[in-house]
Every structure is written in C-alpha cells, then in structure tokens.
Amino acid sequence: MKVYIAKNYDELSKISASIIIEDMKAKNDIILGFATGSTPIGTYQNLIAAYDAGEISFKNVTSFNLDEYIGLPRAHEQSYNYFMHEQLFNHINIDENNINIPCGDPANIEENIKKYQEKLDSNVIDIQILGIGSNGHIAFNEPGTSFSSNTHVIRLDEGTRQDNKRFFNDISEVPKEAVTMGIKDIMSAKKLIILANGKNKANAVKELLEGEKTEAFPASILLDHENAVLIVDEDAASLLEDI
Ligand code: GLP
C-alpha cells in the first residue's frame, strides 16, 4: 500500500483529487466509486474545480456509491443520495442514468440489492474512494462482516450511530440499518484511494497499517489490495510507529 502523509486536509484532498483527475484524463468512460462522510468532501470540491476549469468531464463517467441508510427518503438531507447530489453531482455534467446508489427503501430492499449487485457485477470500478469509520468500518461494513461479503443489509454499530449523530438533530433520528456494498465488492475495484484525517482517525489508521488482518477490523483487509493508496493528514498519522 502506498502511503501519503499530507500536511493537512487541504493537501490530502488535492492529492486524492489529482490521482482521480489523472486517471479521468486517461479514460473518459472511467467508473468511479464514491464515498460519503465528511472526509471526501474536499476531494469532491477539487473535482468540481477541475470540471469548472474544463480539465475533466463526467459526461461518460459511471458512478457507484458505497452505501445508503435504510428508511430515509431520497430527499432527506441526510440520505447519501441527497449528500452526493449536494456535494458533487449537482455541480458536474454526470448523466443521472449513470449514477448508481444503493436504495434504502425498506419496502423493496432485497429486490433493490439484487439489482444493484447485478449492476456492480457487470462493471469493474476503476477507482474506489473510501473513508474509514473510527471502528475500522469501510462503507457500512461493520466489524464482524465477512471479507467475502457482497451488497447486504447491516445493523449499524452503536458507535457508528454516535459518530454520525452530528449530522442529525439527535441520536433517535440516526437510522439503525443501512445497505452497503460488501467487502469483496470493494476489494474488486482496480484502485482504492483510502482517506483519513483528524486525530479521531489516528487509532483506525494505526490499526489498519500495524494491526493484524481480522474481520473484527474490516479496514485491515485493505493491505491485501494490490493497488491501494492511503492518504492521511499528520493528525491521522500521529500514532504510527515510524513517523
Ligand atoms: C460513514 C460512511 C463511511 C465513511 C465513514 C467515515 O459511516 N458510511 O463510508 O467512510 O462513516 O465518515 P467521516 O468521513 O465523516 O469520518
């Protein structure tokens, strides 16, 4: 795994966007895997700036998103569908038909998972962006999820709900379940860009790089990926042994 330690969040976002921009220039029908959470927002801002400057186009891009809460309508401000439109899609020329986000409608969940998985299986993601949960989750694959999992419903850990409650009025509004791309799906992407910033991610980064491979810490599988780049800021790198 290639590791970059950026001075700060701005630099982290620039490095991650520059990798994506370079690959987009080489392949205009690239398949991009997007993530939500606060970590990739700066990367998206850099992508929007490059699009505005005429450097890149999303016209032929296909996108897959990692996950979605179950039970929040698409128009809900905290749904990941809403987040992606606000943070990226509304500002670029991506074709709405090429956007794939797992559907969190509890009424048709199994059918929607099947459709999403079929789409995923017939495409290979060129670059998947990933954040890390403080408990080592990737997408919404919580500790204990099988490394060979595909898209599935997951019960969110209480710690994850607590971490994400900052986006809601209070904890009772944070959904208890989500639908997430599986770990096997994530590992099938050709390239992974893993991002972590801030002191609250320092333990997770240490565990990822220095801990053992275990399903109890989902991000530990990422070291096995042949083309993974980890970009962290100095705070997130602060507990690493040889820094
Ligand atoms: C959420 C998302 C993950 C994200 C993680 C970290 O629960 N499902 O995809 O990586 O939390 O979020 P943040 O970037 O806000 O720290």
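The values are calculated or read from the model by the stated rules, or taken from the named source; none is laboratory data. Remember, it's a predicted structure, so these values are computed and weren't measured experimentally. Positions of Cβ are generated from backbone atoms using ideal geometry, with glycine treated the same way; all protein chains shown enter the neighbour counts.
Miscellaneous remarks
- Within the stretch 161-174, the set of residues being modelled with pLDDT of 95 or more and either crowded, with 19+ Cβ neighbours inside 10 Å or near the ligand (Cβ under 8 Å from one of its atoms) (or both) comprises just one member, Val174.
- Note on the stretch 177-202: residues that are more than 13 Å from the ligand (Cβ to nearest atom) and more than 13 Å from the chain's Cα centre (by Cα) amount to 3.
- Condition met for Asn141 (closer than 25 Å to Asn203 by Cα and of a type outside the set (Lys, Arg)): yes
- The residues in the stretch 123-142 that are among the small types (Gly, Ala, Ser) and within 14 Å of Ile186 (Cα to Cα) can be counted, and the count is 2.
- Restricted to the stretch 134-227, the set of strands (runs of 3 or more DSSP E) holding at least 2 residues that are over 25 Å from Lys115 (Cα atoms) comprises 191-196.
- Within the stretch 16-41, being among the polar types (S, T, N, Q) and either more than 12 Å from the ligand (Cβ to nearest atom) or surrounded by 23 or more Cβ atoms within 10 Å (Cβ to Cβ) (or both) holds for Ser16, Ser18, Asn28, Thr36, Thr39.
- Failed item in (1) touching a His at 6+ places or on another chain (Cβ under 8 Å); (2) buried (at least 19 other Cβ atoms within 10 Å of the Cβ), with Leu130 passing the rest: (1)
- Test: residue in the stretch 42-54 that is within 16 Å of the ligand (Cβ to nearest atom), in contact with a Lys or Arg (Cβ under 7 Å, 6 or more places away or on another chain) and among the β-branched types (Val, Ile, Thr): no
- When Glu234, Glu210, Glu241 are checked against the criterion of being at pLDDT below 95 and more than 16 Å from the ligand (Cβ to nearest atom), a single residue qualifies: Glu241.
- All conditions but one from (1) touching a residue at least 40 places away in the same chain (Cβ under 8 Å); (2) more than 10 Å from the ligand (Cβ to nearest atom) apply to Phe140; the one that does not is (2).
- Taking (1) touching a residue at least 40 places away in the same chain (Cβ under 8 Å); (2) within 16 Å of Tyr80 (Cα to Cα) in turn, Val174 satisfies each apart from (1).
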